[in-house]
Amino acid sequence: FDPRHYLGTHCYGFPKTGPHRLRFLLESVKDLRETLKKKGSTLVVRKGKPEDVVRDLITQLGSVSAVAFHEEVREML
């Protein structure tokens with residue numbers, strides 16, 4: 001979870017993620033973790049800036065050959 005996603009917007013100061021969306025996200029992550037666990041896998045969840053968290057995970061794991069990600073689409077006003 002990137003803390004920057006929970007700050008106010010640039011234009012109007014409203015939260016990017018309100019309480020209902022946050023609850024949905026948390027429930028979705030919990031459900032995904034439970035589903036993966038039933039299949040013998042796991043889900044790594046971290047809080048922080050992705051550029052820091054991913055770097056730290058790669059360092060911890062030691063043998064990473066690829067990293068995939070997506071970038072949030074930002075509206076142009």
Of the conditions (1) at pLDDT 90 or above; (2) in contact with a helix residue (DSSP H, G or I) (Cβ under 6 Å, 6 or more places away or on another chain), the single one that K47 does not satisfy is (2)
Just to check your reading of the model, which residue among R33, R46, R55 is open to solvent by 100 Å² or more (accessible area, probe 1.4 Å) and assigned to a loop (DSSP other than H, G, I, E, B)?
R46
List the pairs whose first member sits in the stretch 36-49 and is within 25 Å of H5 (Cβ to Cβ), whose second member is part of a loop (DSSP other than H, G, I, E, B), and whose Cβ atoms are under 7 Å apart, counting only residues at least 6 apart or on separate chains?
L36/T42; L36/L43; K47/F1; K49/D2
Of all residues making up the stretch 1-29, the number that are of a type in the set (D, E, K, R), under 22 Å from F69 (Cβ atoms) and in a helix (DSSP H, G or I)
2
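The values are calculated or read from the model by the stated rules, or taken from the named source; none is laboratory data. Just so we're clear, the structure is a prediction, and the values are computed from it rather than from any experiment. Counting neighbours? That spans all protein chains shown, and the Cβs are built from the backbone with ideal geometry, glycine included. Accessible surface is based on the protein model in full, side chains and every heavy atom, while ligands, DNA and RNA are left aside. Shrake-Rupley method; radii C 1.70, N 1.55, O 1.52, S 1.80 Å.
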